[in-house]
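I have placed the structure first, in the form of structure tokens, so that the comments after it can refer back to it.
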Amino acid sequence: MEIGNFSELVPLLSNFWRTIPTALQLKLESSLTLLKQDHQLSKLFFLGRLEAHSTSYLLAFGSPGLDLFHQRKFYYSRTGVDWILLLEPTDWSNEWSQLCAEFTGNASFAFKLRSLAMGSPSVVVREQDRLWYVMYAILREAAGVPRGALRMSNDRVVVVNPFFQGLSREELVELGNYQHFRRPERSAEENVRGRKECNLSFDVFDRLEVDVLPEGKSFTMRLDDSDRVVVWSSLHWLGLDFFHKANSNVYGFFYQGNGRKNWDLPFMVEL
């Protein structure tokens with residue numbers, strides 16, 4: 001949730017049984033506004049809360065320039081007041097998603113990850129580095145935005161589309177109208193294939209419908225009582241929900257979970 005729209009977006013969390021206590025909400029608005037100013041960020045987002053054994057990590061990320069994904073910075077806080085910058089680990093690997101142990105709440109705690117290769121030594125992963133990776137993986141694999149919310153310029157700078165007016169009620173419930181919140185990893189030809197109408201400035205982004213396996217079964221959808229607010233929930237990263245209000249530029253995503261990927265999904269759905 002972008003901090004500039006924080007107070008508008010927080011009430012929508014009740015549509016998927018999430019809440020941020022008023023006292024914490026005021027803390028977050030104040031501290032994140034100061035963080036944005038102090039670190040000279042053009043955009044700052046509150047991602048959510050990761051539940052550890054002895055505490056909770058509050059998570060945020062932002063970008064210093066116009067491009068949302070260039071030199072992106074990750075932060076965490078235990079109090080909602082003091083924020084700590086997470087540095088990208090030098091030797092991180094996607095194998096870290098296989099770590100199933102609970103987060104402890106001690107950022108210096110070391111986890112051991114057994115290598116699948118015969119004879120290879122175990123890898124030691126500090127909790128602080130694992131926290132960075134979980135944020136990276138959730139944003140790359142599970143966070144979604146409605147089609148048209150992001151734009152890419154001719155020089156490949158990705159920005160929030162200021163002219164986005166929202167999906168219609170009919171478009172709202174189709175997963176094909178949602179895209180990854182990340183820089184495109186697939187070719188433009190793949191991403192526009194099958195669309196009756198396309199605009200390369202925003203259809204260049206990867207579609208959630210075909211990118212995440214099992215195809216078409218990695219997210220669940222529900223509407224609120226008004227049929228105007230939709231919530232999509234990731235089944236890979238349980239606790240990540242993204243939402244959108246029809247015919248408006250109101251959208252966002254929020255995470256509240258334990259930081260562990262659901263590797264059981266293929267056994268939970270009909271393939």
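Descriptive notes on the structure:
- Tabulated pairs, segment 128-139, first under 16 Å from N262 (Cα atoms), second at pLDDT 95 or above and hydroxyl-bearing (S, T, Y), C-beta under 8 angstrom, 6+ apart or interchain: I138/Y255
Here's the yes/no breakdown for (1) at pLDDT 95 or above; (2) closer than 19 Å to D67 by Cα:
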| residue | (1), (2) |
| --- | --- |
| S120 | no, no |
| Q128 | yes, no |
| M135 | yes, yes |
| L139 | yes, yes |
| P146 | yes, yes |
| R169 | no, no |
| R182 | no, yes |
| R193 | no, no |
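- Of the residues making up segment 71-86, those that are part of a loop (DSSP other than H, G, I, E, B), surrounded by fewer than 19 Cβ atoms within 10 Å (Cβ to Cβ) and touching a Lys or Arg at 6+ places or on another chain (Cβ under 9 Å) are T79, V81.
- Selection within segment 117-158 - open to solvent by 60 Å² or more (accessible area, probe 1.4 Å) and among the hydroxyl-bearing types (S, T, Y): S122
- Residue within segment 38-48 that is in a helix (DSSP H, G or I) and surrounded by fewer than 16 Cβ atoms within 10 Å (Cβ to Cβ) present: yes
- Residues located in segment 177-192, provided they are part of a loop (DSSP other than H, G, I, E, B) and open to solvent by 30 Å² or more (accessible area, probe 1.4 Å): R183, E185, R186, S187
- Restricting segment 236-271 to residues that are aliphatic (A, V, I, L, M) and farther than 19 Å from N177 by Cβ, the residue that is least open to solvent (accessible area, probe 1.4 Å): L265
- Looking only at residues in segment 26-37 that are touching a helix residue (DSSP H, G or I) at 6+ places or on another chain (Cβ under 9 Å) and under 14 Å from V81 (Cβ atoms), the one that is surrounded by the most Cβ atoms within 10 Å (Cβ to Cβ) is L32.
- The listed residues are E95, E8, E102, and the only one of them that is open to solvent by 10 Å² or more (accessible area, probe 1.4 Å), over 15 Å from Y255 (Cβ atoms), among the acidic types (D, E) and touching a His at 6+ places or on another chain (Cβ under 7 Å) turns out to be E102.
- Screening the candidates L58, L26, L86, L32 for the property of being of a type outside the set (S, T, N, Q), farther than 28 Å from W263 by Cβ and under 21 Å from the mean Cα position of the chain (by Cα) yields one hit, L32.
The values are calculated or read from the model by the stated rules, or taken from the named source; none is laboratory data. These numbers were taken from a predicted model, which means no experiment stands behind them. Cβ coordinates were reconstructed from backbone atoms using ideal geometry, including for glycine residues, and neighbour counts include every protein chain displayed. The protein model used for the area step is the full one, side chains on, heavy atoms only, and it has no ligands, DNA or RNA in it. Shrake-Rupley method; radii C 1.70, N 1.55, O 1.52, S 1.80 Å.
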